[in-house]
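Each remark here refers to the structure printed beneath this line.
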Amino acid sequence: MTNLGEHRRWIAGLLRGRGSLIAQLVLLIGLLSIPALGLAQETSSASAAVAYRDLPQLGGSRNLVWIVAQIHLLFAGFVLGVPIFAWVCEVIGVRTGDPRYDKLAKEFTKLLTAAYSTTALFGAILLFALIAFYPRFMGVLSDVFYASYLAYAALFLLETVTLYLYWYGWDSMQDRKGLHLTLGFLLNALGFFLMMIANGWATFQNSPVVLPENLTGWERAWAGINNPTFWPLNIHRVIGNVVLGGFICGAYAGIRYLSATTAEERVHYDWMGYVGNFIGVFGLLPLPFAGYWLTMEIYRYNQQMGITLMGGFLSWLFIIQAVLIGVLFLGSNYYFWLGLAYRTEGAERHKKIILLMLIVLLLCFGVWMTPHSLVASLQEARAIGGTHHPVLSVLGVMSAKMTAVNLMILISFASFLLYWRANKVETVSWAKGARVAQVGMIVLGALYLLWSGVYGYFVPAVVRVYVLSVSQVLVVLAVLILVTVISILSMRNARESGVLRWGRIPPRASYALVLNALMVILLMSLMGYARSSSRVHWHIYGLLEDTSPYAFSPALGEASAVMASCAFIFCLIVSFIFWVASLPSEKASGFEKAEPASAVVAGELTAR
Amino acid sequence: MNTRRGIPLLVKFVAVLVGVYVGVRLVRPPLPSSLVMMYMTLTVCGVLVYVSIYAETWQEFSAPLVELFRGSPERGGLWQGGRQVVLGLIPLLLGFGVYQKVTPSFTPPAEQRVVHPAPPFEVMGLTNPLQQRPDRLQEHLELGARVYFQNCVYCHGDRFDGEGHFAHGFNPPPANFVDAGTIAQLQESYVFWRVSTGGPGLPAESTPWNSAMPKWDTMLNEEERWAVVLYLYHQTGWKPRTWE
């Protein structure tokens with residue numbers, strides 16, 4: 001046993017310590033060699049002639065790049081998202097003095113360090129694959145962006161150093177929290193800039209801008225980076241990363257909860273799962289707005305691309321997206337409701353309202369996923385008279401969708417509120433008024449959504465897109481913010497009517513957490529594909545045409561298979577990494593030493 | 001097991017499913033089975049979510065199922081017989097499903113035609129030149145009407161609803177301009193493109209080989225095509241989609 005344990009520790013140490021360093025070195029070398037590539041092309045005409053290379057044995061260069069890029073992106077999303085809330089958790093820990101938060105933040109960061117090196121590794125593989133398979137494209141891209149490569153490499157180095165200091169200094173800086181928090185902030189800032197640069201490259205492919213001559217290298221790079229879809233993508237990705245990170249941490253906690261052997265562990269991972277889900281939902285609420293903005297910018301940049309994406313052959317992806325998002329909303333609400341039922345006292349009284357919320361949520365989900373043009377057999381189409389169903393096509397248009405998704409956001413928020421206040425009784429004198437105001441605001445918000453949704457059918461598209469939809473978003477945001485503020489104020493010094501009983505939630509809650517994480521991973525793979533393939537047969541839209549044999553858009557089924565493989569491989573690697581991260585280290589994590597407690601104790605053990 | 005009197009949860013569960021199914025099937029014209037499938041899956045998930053939130057409901061819901069599969073020796077003969085029947089039905093049902101899947105049928109597979117594909121680049125930004133002359137609107141509308149009733153009415157119908165004499169011979173059927181899903185959603189430039197290049201001008205994802213819509217740019221001049229577009233919007237009351 002000891003022997004085996006030592007062995008595992010050794011593997012863990014190797015992977016944690018040196019693996020990341022090696023991966024980063026590889027990436028750095030790769031990055032620094034790109035400008036050389038450009039040079040080589042100018043001098044030797046033989047190498048410049050090669051536009052593509054292929055490895056058909058491995059399923060073709062395009063699919064290879066696709067999968068590697070997607071996995072890199074999933075990891076990158078995780079690695080960028082986690083430090084955001086790890087840091088917020090740490091801040092909360094410092095401000096409230098509750099050691100649980102500090103411990104949780106550290107655990108998040110542990111997952112982060114474990115995934116960091118793999119992110120870099122896949123970045124390096126992606127880079128090699130691109131240089132090897134798409135030399136002409138990389139030449140053109142490098143010609144615009146070479147200056148930014150240097151910035152990227154520098155930021156990357158700095159981020160790595162900061163991460164190491166942040167992680168390894170966690171315990172030794174316990175009494176210098178100010179410094180540690182600064183490091184954490186720096187880590188996030190560096191990560192954000194890093195992501196921005198890479199976003200610049202990716203968005204330039206979709207929405208390139210004309211670069212005037214006689215610019216310096218830095219000016220060129222910036223002009224290319226600062227293209228029309230750059231900012232929407234930045235915002236969309238930051239939020240998306242938080243969602244991804246939150247739900248993956250939630251799934252991690254869910255799995256640890258399922259395999260927990262002690263009461264203490266159950267309590268801890270139940271709570272961690274709750275926090276992960278909360279972070280995920282919190283990010284999920286504004287995410288549709290960011291996506292809406294991004295799509296709007298794509299339309300504005302090039303209507304053709306917008307139509308391909310939303311109305312053309314890629315529009316089917318949005319039906320799948322709708323289903324995934326719907327499941328995500330349902331899954332996270334389910335988790336809140338389970339929390340309500342098992343952690344709080346007197347949960348029976350919420351039965352009616354939960355049923356109501358569930359029904360509205362399901363109705364919205366139904367509207368949300370009703371396609372605009374239907375998949376119908378010939379006979380069915382005949383019976384309908386085309387693929388536009390007279391009744392249902394009403395639900396297929398944007399007015400209905402926006403209303404449905406906004407309502408789902410409101411409901412999720414209400415679910416959370418219900419859970420949040422379940423064990424608290426306000427002590428302020430205006431508590432009743434506050435409650436009425438909150439319920440009133442949510443109901444009025446919902447009514448406004450319904451009204452504007454219906455009204456949307458009677459106004460021209462411009463009004464619908466730029467006025468009604470935007471107003472819906474603003475109303476929902478306003479309700480979210482106002483109700484939260486009122487809650488915070490009215491719950492000051494609230495009396496706790498009962499304790500939250502952690503560690504008693506049934507296994508299905510953990511499965512819900514895993515399901516949510518899976519949905520987000522699939523969603524990112526799906527929408528990543530949608531954004532990339534909206535360029536159709538262009539490497540850089542309108543500028544550099546894809547003349548490889550892989551310039552075609554794959555059929556929906558094939559594309560789904562590749563996306564599913566991406567998600568699957570990612571899950572495999574993540575499971576492996578988290579397994580490694582949870583291997584016993586020199587310092588036992590504390591749980592190993594804990595006295596095994598009986599299930600009865602588990603129930604009574606309460607936190608907060 | 002059931003302390004409370006009333007309808008057992010499992011029965012309610014089935015009743016909800018049946019109710020939704022009947023409701024969805026009652027929609028006229030009938031919904032395609034792909035959609036029915038989606039709605040039913042959603043309903044099943046929703047009901048499962050509901051019964052599994054509270055421990056008591058979950059217990060009430062799952063107990064009869066567990067009992068069914070595990071068997072319960074102390075139950076009476078009727079129950080035992082019923083159990084045998086249900087257990088026997090499950091493989092039969094599965095077998096029937098497999099049979100349905102593998103028997104050859106003559107219905108062509110469901111189609112995913114993209115009704116409104118992205119138009120070619122050159123088309124995007126075109127504006128209707130006739131809109132610039134509001135003073136000559138009447139004249140243009142008359143031209144449009146003439147073009148429509150000489151060329152389009154056979155397919156798209158005299159009420160613009162896609163119910164012309166020939167309409168029933170085509171799949172996909174001629175577009176129904178009164179419906180909110182066709183020209184109401186499109187820009188004038190888009191409609192102009194569709195009239196000009198017809199079915200043959202469609203990109204591959206829109207199955208151009210299926211579309212009976214003729215290519216008019218060899219038969220009508222530009223003014224006539226713009227005029228018929230103007231006329232269609234005027235007659236149906238829709239406003240062309242605009243941006244900005």
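The values are calculated or read from the model by the stated rules, or taken from the named source; none is laboratory data. A quick note: this is a predicted structure, and the numbers were derived from the prediction, not measured. Glycine also receives a Cβ, built like all others from the backbone with ideal geometry; neighbour counts cover every protein chain displayed. We work out accessible area using only protein heavy atoms, side chains counted, and drop any ligands, DNA or RNA first. Shrake-Rupley method; radii C 1.70, N 1.55, O 1.52, S 1.80 Å.
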Quiz item: Taking Cα atoms, how many degrees apart are the long axis of helix B:9-26 and the longest axis of chain B, rounded to 10 and kept between 0 and 90?
Solution: 20
Self-check item: Candidates per trypsin sites (Lys or Arg not before Pro) in the stretch A:122-223, loop by DSSP, up to 16 other Cβ within 10 Å
Solution: A:ARG176
Quiz item: Over chain A, what is the mean sequence separation of C-alpha contacts under 8 Å (at least six apart), divided by residue count, expressed as relative contact order in percent?
Solution: 20
Practice problem: For the stretch A:156-254, just the Cα atoms, rotate onto the principal axes and tell me the three extents in Å, largest first. | Solution: 54, 34, 17
Exercise. List the longest stretch of chain A that has no exposed loop site; here a site is one of the GluC sites (Glu not before Pro) assigned by DSSP to anything other than H, G, I, E or B, with at most 10 other Cβ within 10 Å.
Key: A:214-585
Quiz item: Taking R0 as 56 Å, what's the FRET efficiency between A:TYR457 and A:ASP175 from their Cβ-Cβ distance, rounded to 0.05?
Solution: 0.35
Quiz item: Any idea what the dipole of the stretch B:121-236 comes to, in debye rounded to 20, about its Cα centre with Lys/Arg Cβ at +1 and Asp/Glu Cβ at -1?
Solution: 80
Exercise. Calculate how large, on average over all directions, the projected area of the Cα convex hull of the stretch A:214-298 is; give the answer in nm² to one decimal.
Key: 7.5
Quiz item: What is the magnitude of the charge dipole of chain A about its Cα centre, with +1 placed on the Cβ of each Lys and Arg, -1 on the Cβ of each Asp and Glu, and no other charges, expressed in debye to the nearest 20?
Solution: 1340
Quiz item: Hey, if you put +1 on the Cβ of every Lys and Arg and -1 on every Asp and Glu Cβ in the protein assembly as shown, which of A:ASN214, A:LEU543, A:SER553 ends up farthest toward the positive end of that dipole?
Solution: A:SER553
Self-check item: Measure of compaction for the stretch B:121-236 (Cα Rg per 2.2 N^0.38 Å)
Solution: 1.01
Quiz prompt | Around B:GLU139: net Lys/Arg minus Asp/Glu count, Cβ-Cβ under 13 Å | solution = -1
Quiz item: So which GluC sites (Glu not before Pro) in the stretch B:38-95 are both in a DSSP loop and have at most 13 other Cβ atoms within 10 Å of their Cβ?
Solution: B:GLU74
Exercise. In square nanometres and to one decimal, what's the mean projected area of the convex hull around the Cα atoms of the protein assembly as shown?
Key: 44.4
Quiz item: Can you give the mean number of other chain Cβ atoms that lie within 10 Å of the Cβ atoms in peptide A:197-203?
Solution: 0
Quiz prompt | Cα-centred dipole magnitude for the stretch B:3-102, charges only on beta-carbon of K, R (+1) and D, E (-1), debye, nearest 20 | solution = 260
Practice problem: Loop sites only, by DSSP: take the chymotrypsin sites (Phe, Trp or Tyr not before Pro) in chain B that have at most 11 other C-beta atoms within 10 Å and name the longest stretch containing none of them. | Solution: B:1-105
Quiz item: With a Cα-only, solvent-free Debye model of the stretch B:91-136, what are the log10 I(q)/I(0) values at q = 0.20, 0.24, 0.33 Å⁻¹?
Solution: -0.86, -0.94, -1.11
Quiz item: Given H placed on each backbone N at 1.01 Å, which residues far from A:GLU545 in sequence or on other chains put an amide H within less than 5 Å of it?
Solution: A:HIS539
Practice problem: Measure up A:LYS424/B:LYS12; A:LYS351/B:LYS101; A:LYS401/A:LYS424; A:LYS110/A:LYS351; A:LYS351/A:LYS401; A:LYS351/A:LYS424 against 30 Å on the Cα-Cα distance and list the ones that go over. | Solution: A:LYS424/B:LYS12; A:LYS351/B:LYS101; A:LYS401/A:LYS424; A:LYS110/A:LYS351
Quiz item: Loop-only check: which trypsin sites (Lys or Arg not before Pro) in the stretch A:466-543 are DSSP coil with at most 13 other Cβ within 10 angstrom?
Solution: A:ARG492
Quiz prompt | Interface A:B - total buried accessible surface [probe 1.4 Å, Å², rounded to 100] | solution = 4700
Quiz item: Which net charge results when you count Lys and Arg as +1 and Asp and Glu as -1 among the other residues whose beta-carbon is under 14 Å from that of B:GLY19?
Solution: +2
Quiz item: Which value in Å is the Kirkwood Rh of the stretch A:442-575 over different Cα pairs?
Solution: 20.4
Quiz item: Out of A:PRO371, A:GLY326, A:PHE413, whose Cα points farthest toward the positive end of the dipole of chain A (charges: +1 Lys, Arg; -1 Asp, Glu; placed on Cβ)?
Solution: A:PHE413
Quiz item: Mean separation of Cα pairs under 8 Å and 6+ residues apart, divided by the residue count of the stretch A:212-286: what relative contact order is that in percent?
Solution: 37
Quiz item: Under Stokes-Einstein, with the Kirkwood radius over Cα pairs standing in for Rh, what whole-number D in µm²/s applies to the stretch B:3-102 at 37 °C and 0.692 mPa s?
Solution: 204
Quiz item: Using a 1.4 Å probe, what is the accessible area per residue for chain A, in Å²?
Solution: 42
Quiz item: How large is ³J(HN,Hα), in whole Hz, for each residue of the stretch A:375-384 in order, when computed from phi with the Karplus curve 6.51 cos²θ - 1.76 cosθ + 1.60 and θ = phi - 60°, using x for Gly and Pro?
Solution: 8, 9, 6, 4, 4, 4, 4, 4, 5, 7
